[in-house]
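Shown next, in structure tokens, is the structure this report addresses.
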């Protein structure tokens, strides 16, 4: 029997290949690692340079930006200051115009008030005698009554009628009658106090507002007024003419009304006029009997 010689076994290919492959892999890995390391190294250096450049650039940009901001602010400040100055000038001009307008309006208002006061005085003043007319006297009477209600003051109203004025007008004309009325108004103004009020109600009727008078004092004042007017004498066309007056009173109470007070004094005046006529007739009859 022949002996067969076997060739020596080779080491397993897997093992050899594996070793070779492992070696290659290591080499590849080492190469990759070397390549990667090189890449890392090469990429690290630019990053450092880039960061430093960025830092320099950023600092430069900051400085440049700050300078630009300062310049822009400076550029903005000049127009802003100009705008503010112009606005201030316009405001001062507007204020000056407004103040001038206000002064002008105040002057016009004062002038209008004076004009209104003048017109009111004309409306409430008798143009012939220069004293209150009926409207003005009633206004003053209403104010006085309100004052008396508040402060518990007293007063009286006298209504006075001029006697024989119509015959004087008929015989000598209205100019003579106006002269009589002026004399009567002057006499009343002399007798009463400055605080009292005199007015003409119309025609031959006058009214007086007297402060702080009792009923007795008011009656005494009315008699004094009648006597003063009775003593007046006038000369027209060579003839001497006398006038007279009849007065009626009304006491002012806190609950009084202006028109009612005037009506009460007017009724008392007509009563007094009738009494005077009766007295005149008695005096005339007595004189006639004495002559006989």
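The values are calculated or read from the model by the stated rules, or taken from the named source; none is laboratory data. Being a predicted model, the structure only gives us computed values, none of them experimental. A quick note on method: Cβ atoms are made from the backbone with ideal geometry, for glycine too, and the neighbour counts reach across all protein chains shown.
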- Please verify whether segment 192-201 includes one or more residues that are over 42 Å from the mean Cα position of the chain (by Cα) and at pLDDT below 95. no
- Item | strands (runs of 3 or more DSSP E) wholly inside segment 200-266 that include at least 3 residues being crowded, with 20+ Cβ neighbours inside 10 Å | 205-211, 244-251
- Message: I want to confirm something. Restricting to segment 113-146 and keeping residues that are assigned to a helix (DSSP H, G or I), closer than 24 Å to residue 188 by Cα and without any contact (Cβ under 8 Å) to a residue 40 or more places away in the chain, which single residue is farthest from the chain's Cα centre (by Cα)?
- Response: 135
- Task: Select from segment 222-252 the residues that are free of Cβ contacts under 8 Å to residues at least 24 places away in the same chain and in contact with a helix residue (DSSP H, G or I) (Cβ under 6 Å, 6 or more places away or on another chain) and list them in ascending order.
- Result: none
- Message: Given the options 116, 162, 123, 95, name the one that is surrounded by 10 or more Cβ atoms within 10 Å (Cβ to Cβ) and closer than 30 Å to residue 231 by Cα.
- Response: 162
- Query: Do we find that residue 177 is in contact with a helix residue (DSSP H, G or I) (Cβ under 6 Å, 6 or more places away or on another chain), surrounded by 20 or more Cβ atoms within 10 Å (Cβ to Cβ), in the same structural domain as residue 159 (by TED's automatic domain parsing) and on the phi < 0 side of the Ramachandran plot in this structure?
  - Reply: yes
- Item | segment 143-152, residues that are closer than 25 Å to residue 202 by Cβ and loosely packed, with under 15 Cβ neighbours inside 10 Å | 143, 146
- Subset of segment 180-194, residues closer than 20 Å to residue 237 by Cα and surrounded by fewer than 17 Cβ atoms within 10 Å (Cβ to Cβ), comes to 182, 183
